[in-house]
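Derivation of every value follows stated rules applied to the coordinates shown; laboratory data play no part. Values in this document were obtained by computation on a predicted structure and should not be read as measured data. Cβ placement follows ideal geometry from the backbone for every residue including glycine, while neighbour counts extend to all protein chains displayed.
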Amino acid sequence: MSTEVKVLEILEQNPKLSAEEIAIMLGENKENIEKTIKKLEQDKVIVKYHTIVNWEKTEKEVVEAIVEVKVTPQRGFGYDAIAKRIYKFPEVKAVYLLSGDYDLHVVVEGKSMKDIAQFVGSKLAPLEYVLSTATHFIMKKYKDAGVILEDGEKDDREVITP
């Protein structure tokens, strides 16, 4: 496995690690790791460093929904042009092309269910080439981006000591 892949796997797990820490982990020199990271950033392999927040543990009110979208692909552009129109909306956090009954999987964020409903009804559904939508509100997240957000089940049994 190349140094680049090893660095990417480490940064994917913990983007806060320094080049020096990664170098120690891989048995490489710090300068080589710094050059590798800089090249990966310039080549847009590393697009952004990301923090996963469990918003349920804060006072911020956030509602997320998954919107399945059926579209008609555009001649000469396929799904790319409609996906681009959709991902430019600030409410949209992610867009994926799918196989199956729906073409696009759109993750939307708002302050309330009403905000999301208004976005879908007034901005997303009326777009040219959008045939139908199905909105699913996210009620609770258990795992996000490979990270378990729950502390697990609490053991409420009484401790018995001899």
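Counting only residues at least eight positions apart within a chain, or on another chain, the aspartates and glutamates with an alpha carbon under 19 Å from that of Lys38 are Glu4, Glu9, Glu12, Glu20, Glu21, Glu28.
Per-residue extension of 0.36 nm, minus the Cα-Cα distance of Ala81 and Glu59, leaves a gain of 4.2 nm for this segment. Only alpha carbons enter this Debye calculation for the chain, each as an equal point scatterer, and the log10 of I(q)/I(0) it gives at q = 0.12, 0.14, 0.19, 0.21 Å⁻¹ is -0.78, -0.92, -1.13, -1.23. From the largest down, segment 1-47 spans 25, 21, 20 angstrom on the principal axes of its Cα atoms.
As a rough footprinting exposure proxy, the listed residues Lys35, Lys6, Lys140 were ranked by other beta carbons within 10 Å of their own, and the order from fewest upward is Lys140, Lys35, Lys6. Applying the criteria of a DSSP loop state and at most 14 other Cβ atoms within 10 Å to the GluC sites (Glu not before Pro) of segment 64-142 yields Glu128.
Once both labels are positioned 7 Å from their Cα atoms along Cα-to-Cβ, the gap between Asn29 and Val147 label points is 3.4 nm. Label zone (Thr72, point 7 Å along Cα-to-C-beta; backbone nitrogen cut-off 14 Å) within segment 93-118: none. The simple Förster model, with R0 at 22 Å and r as the Cβ-Cβ distance, assigns Lys88 and Met113 a FRET efficiency of 0.45.
Sorted by packing (mean other beta-carbon atoms within 10 Å per residue), highest first, where do 95-103, 46-54 land?
Details: 95-103: 12.8, 46-54: 9.9.
With the highest mean Cβ count within 10 Å placed first, the list reads 95-103, 46-54.
Convex hull of alpha carbon positions in segment 55-142: directionally averaged projected area 6.0 nm². Here's the list of lysines a cross-link from Lys84 could span, going by alpha-carbon distance under 22 Å and ignoring same-chain residues fewer than 8 apart: Lys44, Lys48, Lys70, Lys93, Lys123.
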